[in-house]
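To start, the structure itself, in structure tokens.
Values quoted throughout were computed directly from the atomic coordinates according to the rules given, and no laboratory measurement underlies them. Quantities reported herein were computed from a predicted structural model and do not represent experimental measurements. A quick note on method: Cβ atoms are made from the backbone with ideal geometry, for glycine too, and the neighbour counts reach across all protein chains shown.
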Amino acid sequence: MTVIFRRSLSVGFAALWLTASGVTQAETFKWAGTTDPQTMDPHATNSAPVLGFLNNVYEGLVRRNKEMKIEPALAESWEQIGSDGWRFNLREGVTFHDGSAFTADDVLFSYERASSEDSDVRSWFAPVDSVAVVDDYTIDFLTKAPNPLFPDSIANFMIMDRDWTTSNEAARPSREAENFATRNTNGTGAFTVTSRDPGVKTTLQPFDGWWDTLESNITEAVFTPIGESATGMAALLSGEIDFISPIPLQDVPRMKERDGFTVHEGVEARVLMFGFAHQADSLKFSDDLTGENPFKDVRVRQAAYQAINVDALIDKVMRGSAQPASQLVSSAMKGYSEAKSERLAYDPDAAMQLMKDAGYEDGFSFGLQCPNDRYINDEAICKAAASMFAKVGLNAKLTAMPVRNYWPELREDNFDMYLLGWSPGTFDAEHPIRFLAHTPNSEKKLGSWNFGDYSNARVDELLPMIQTELDEDTRQAMIDETTELLQQEIAYIPMYVQPLIWASKDTIELTQRTDNFFILRWVTVN
Amino acid sequence: MINAWLRWSRENELAYLFFRNPVAIVAAIIAILCIGGAVLSPWLAATDPYDIASLDIMDSLIPPAWSESGDARFFIGTDDQGRDLLSAILYGTRLSLLVGFLAITFASVLGVTVGLMAGYFGGRFDAIMMRIADIQLSLPAILTALLVDGIAKGLLPRGQHDNLMIVVLTVAIGLSLWVNFARTVRATTFVERNKEYVQSCEIMGMHPFRIMFTHILPNIMGPILVILTVDLAVAVLLEATLSFLGVGVPANQPSLGTLIRIGTEYMFSGEWWIVIFPSAMLILMIISINVLGDFLRDALNPRMR
Amino acid sequence: MLAFVLRRLAQSIFVMLAVSLIAFSLFRFVGDPIAQMVGQETSIEDQENIRERLGLNDPLTTQYVRFVSNLSQAEFGYSYRTRQPVSEMILSRLPATLELGAISLVISLIVGIPAGIYTALKRGFLSNALLVATLVGISIPTFVIGIFLIYLFGVSLGWLPTFGRGQTVALGWWQTNFLTVSGWKALILPGVTLGVYQLTLTMRLVRAEMQEVLKTDYIKFATARGINYRSLYLNHAFRNTLVPVVTIIGLQLGGIIAFSIVTESVFQWPGMGLLFLESIRYVDIPVMSVYLVLIALMFVVINLVVDLLYFAIDPRVRLRGSHD
């Protein structure tokens, strides 16, 4: 059991203390986030809080730099072996936190562990056919088909030590009960976990033997999960913590005016959109229509699209902190379609005309499902959209619910229209096509989040071509074509890219990355 | 025998006491204004906040009319959806009062009946009812509401569920509040039961239920009224919590509690009116109802004179 | 007396079985645990496999029987979210909740009972102010009161910490706040926040009871005989309000445990309420069910004690209990 220490100093006292301590003194950095990482096992849960946190402790073969580009980490270089796969040349002289040396065998072991039945990250290795150790510092990942994106897709594949893991009986991640790796770590990363009290406090310290040079000057970092955003804000303002992510959008203007604090604003990778029940024969929640589904008609979908004033949503609900989206990925993603970056204009008159053309001049009611604790201001966005829909005769009956009920509801097709946010794990335009646009196919594990069963034969045909095409320009042309199809058919209504809003004391220098990972080694306490 | 109940109906006496009590008069005026405003909201309110087609997001977060960037159309400003806050409060109060009153009526009828019987009969009935109360207390209101809602969803066709949400909410909130009544009434009944007046009724061969409801009940109205009036606020706020769980009123028809819940998101953003006005409405209402409750208890209590 | 206690203990097993059964049947309304356990890229088949392995596809009765039989062997299972043993998680959070609950109970009683007596005896500005202030307290959501206190005393004045337990001292596995200054400081705000509703109810119930008692004949006679006011109120009148007050304390404890969910989450107080809230968010069924069973056990014990106190306080109740 851990004893919780916290200094209860006022802001002024804290500032005094910081100045007095000087640069060479210990720099304890305290930060807070909304969720505690569920586990310290890098292969057990594929969630942003876990992967983000563990990126400070474990490392992959490659890592993302401040601009999200892939750069060498445990692998010094990599190249394609013809069209069969990829060869990684590993870094020599790297040690794990417990002092044991890092070799190709650890990579092989980590691959076996991460692709096992019990792993939650095994989908990353679906394209992999086999892995072969060439020598201690060379390893080949052989893929079933040419895979230009493979190194990008394994940036969060973290390497564990074979001996440490097996001798502590944690050779496989555990689904049911904890094992040694659930609360203990042994990575090669810049920080080691020195104590962990799940849900309460986790402490880290820089790793002396790290192979790279540490940009950060912090000597100890303490993470506390604070679920209530208002409490987190108070903790920051009172000086008890140095950094928090995220803060509520509505509090940004005031926060900016305060002396001594900085708001870090950026654009996340997540695109917010509305989806439709494309295949249902009738609306499930309508009061006035039975036996028909107007959303099968592209004109009705377009009416819904043009009824939404995205600029007003961004301006009012998102407080001007979001960017409009024209497609399923944001402009920061690889494969973003510049050619298809135009949104349909907001035009309620055109929308009403489209409704009339489709035979719904008098409007109809339908069910709109929305989460209320998943995305930034999600319920408010749905309410505002519902009122915009109502103006063209689309009478949305809005149901907002917590996300734990939301996904089951969508999986059971209990919606006529729904809100969805999508952040591509690979930071590539192929990702949403695979999960959201391809016809659902559980055998091939495709279209698994395509709740509305959107289906287009050409899109299905293009996806495998995009996945295997090695030439950048040809690939981009294919993505452009797919994007155009999705736009023409209004498969979804992409609205905006969600912002990232962090706040810290102004003595803190940090780097905000698009994936919302908080990277400790880029933090400097002045 | 039915003296106690006769006193309830002696309006002239009640009126006499009432007009001698200025605090009660003020409270009554406020309560009538609040409740009247809520009941008559469709006629009083400038706009219909539930008509979502009339809302314009560009009108959102406008401060009250008297402040610099205010708008004469919205006297106390607008909320995050561009609703006229005054209209939203009137409509929301109506919804909240409906749910709140129904729920505490349900809770008090159930709780008082159970408490009286448990305290009067004691023995096995008491043991069973109090263990059921234990079970109820162990389940947080959130879970009770999810259970009731889940059963309602299971039993009713999808379209029907929305229309019956008031019933679902009433039952859910009522179930989580009845135990307070039951346990307090039971404890006081224990004491009353052994007093002379009850024993003389028993000797006269009076039916136990008649003793309970016509003799014991008027003597224990004090604590019941306290819980009744205090729990009204709790019921209104509970309803708001439940709507966050997706169990409450439809998202586009905010209740007073929901307005407060949404307002709390704007506590520190400078848009103070979104949280202050709905909260003030609830506070005013609760205080006036409590003052009236105290007055009624004193006026109606047979022993108070 | 012993027979009574034994009978009540037997009943308590029934209560806990019923609570766990109800809890079990409503878990499917709370949400889907699997969707909360895995990432967005985990395939439907893998999700189904996990569901199968966790036994969530079994009929509810099978799951329930398995749960009860595990429970009876003190097997509390593992959390779906953190995969830690549930018993360990709850035990480590228990002291925080009990200490917070104890403080708010004390606040609500040492303020509520005297305030109730005072407002019953005196009318005037202070009396009315007390009554109004507590009503304002319950008309504002706990969440708002908590945040308001945090901003006032934590941020603006900087006197008290804004979150957490402060420094604790370990007494065996029990982490206590009571032995350090920072621990006491950390207790104040959440204790007050949690105590407000209880305080209102205590004060108003004591006041109502007191007013009733003051109107009874024996007090009137006593007044007529010229007994000293102070001794009259405290010895005669107050003693007669004790039965309801004991009930209130029993109710209070229940209310405190129920309300502590919100308070703990506002103050990031690492107690069972916060744990329960997190487990609802993640549909962590093992943690939720053990928590609920534990709460049921607490209620049974509290109410047993309350009933025993009735015997001790009021001879007339004792008479009734004897022929149960």
Checklist line | segment A:273-318, dipole about Cα centre (Lys/Arg Cβ +1, Asp/Glu Cβ -1), debye to the nearest 20 | finding: 140 debye
Notebook entry, point to check: Using unit Cβ charges (K, R positive; D, E negative) and no other charged atoms, how large, in debye to the nearest 20, is the dipole of segment A:149-301 about its Cα centre?
Noted result: 320 debye
Check: Against the longest alpha carbon principal axis of chain A, how many degrees, from 0 to 90 and to the nearest 10, is the axis of helix A:472-488 turned?
Finding: 40 degrees
Note to self: Given contacts defined as C-alpha pairs under 8 Å and at least six residues apart, what's the relative contact order of chain B, whole-number percent?
What the structure shows: 25 percent
Note to self: Please give the Cα centre distance for segment A:346-407 versus segment A:447-489, rounded to the nearest Å.
What the structure shows: 27 Å
Check: If you average 1/r over every pair of different alpha-carbon atoms in segment A:94-156 and take one over that average, what Kirkwood value in Å do you get?
Finding: 12.7 Å
Check: How big is the Rg/Rh ratio for chain C, C-alpha atoms only, Rh by Kirkwood, two decimals?
Finding: 1.05
Notebook entry, point to check: How large is the helix-only mean residue ellipticity at 222 nm for chain C, computed as the sum of -39500 (n - 2.57) over DSSP H runs with n ≥ 4, divided by its residue count, in deg cm²/dmol to the nearest 500?
Noted result: -24000 deg cm²/dmol
Checklist line | Most positive-pole-ward Cα, C:54, C:194, C:277, against dipole of chain C from beta carbon charges | finding: C:194
Notebook entry, point to check: Which whole-number percent is the relative contact order of segment A:325-472 (Cα, under 8 Å, 6+ apart)?
Noted result: 21 percent
Check: So what is the orientation-averaged projected area of segment A:268-498, using the convex hull of its C-alpha atoms, in nm²?
Finding: 11.8 nm²
Next item on the list: State the answer as a single residue: which of B:230, C:140, B:256 lies farthest towards the positive end of the charge dipole of the protein assembly as shown, with beta carbon charges of +1 for Lys and Arg and -1 for Asp and Glu, about the Cα centre.
Entry: B:230
Item checked: C-alpha center-to-center spacing [segment A:218-254, segment A:147-182] in angstrom -> 31 Å
Item checked: Helix-only [θ]222 nm of chain B, DSSP H runs n ≥ 4, -39500 (n - 2.57) each, per residue, nearest 500 -> -22500 deg cm²/dmol
Notebook entry, point to check: Dipole of chain A, Cα-centred, from +1 at each Lys and Arg C-beta and -1 at each Asp and Glu C-beta, to the nearest 20 debye?
Noted result: 1360 debye
Notebook entry, point to check: Where in chain B are the DSSP H helices whose alpha-carbon span along the long axis reaches 18 Å or more and whose Kyte-Doolittle mean is at least -1.0?
Noted result: B:22-39, B:85-121, B:123-138, B:141-155, B:165-193, B:221-244, B:273-300
Next item on the list: Read phi for every residue in segment A:404-409 and hand back ³J(HN,Hα) as whole Hz from Karplus 6.51 cos²θ - 1.76 cosθ + 1.60, θ = phi - 60°, with x for Gly and Pro.
Entry: 5, 9, 5, 4, x, 4
Margin query: Give the aspartates and glutamates reachable from residue C:122 as a straight Cα distance under 19 Å; neighbours fewer than 8 places away on the same chain don't count.
Written below: B:294, B:298, C:209, C:212
Item checked: Reachable lysines, given that their alpha-carbon falls under 23 Å from the alpha-carbon of residue A:256 and they are not under 8 places away in the same chain -> A:30, A:316, A:505
Check: Just from its helices, what would the mean residue ellipticity at 222 nm be for chain A, if runs of 4 or more DSSP H residues each count -39500 (n - 2.57) and the sum is divided by every residue, rounded to the nearest 500 deg cm²/dmol?
Finding: -7000 deg cm²/dmol
Next item on the list: Using +1 at the Cβ of each Lys and Arg and -1 at the Cβ of each Asp and Glu in the protein assembly as shown, identify which of A:146, B:285, A:255 lies farthest towards the dipole's positive end.
Entry: B:285
Check: Taking the Cα centre of each part, how many Å lie between segment B:45-111 and segment A:74-118?
Finding: 60 Å
Note to self: To check you understand DSSP bridge types, tell me what percent of the beta bridges within the protein assembly as shown (both residues inside) are antiparallel, rounded to 5.
What the structure shows: 75 percent
Notebook entry, point to check: What fraction, in whole percent, of alpha-carbon pairs in the protein assembly as shown exceed 63 Å separation?
Noted result: 12 percent
Notebook entry, point to check: Nearest-5 percent of antiparallel DSSP beta bridges in segment A:268-498?
Noted result: 55 percent
Note to self: Going through the cross-link list A:340/A:383; A:391/A:445; A:383/C:185, which pairs have a Cα-Cα distance over 32 Å in this structure?
What the structure shows: A:391/A:445; A:383/C:185
Check: Mean Kyte-Doolittle of at least -0.5 and a Cα length of 20 Å or more along the axis: which whole DSSP H helices of chain C meet both?
Finding: C:2-30, C:86-121, C:125-139, C:181-214, C:242-266, C:285-313
Item checked: Reciprocal mean inverse distance between Cα atoms of chain A - Kirkwood radius, Å -> 24.9 Å
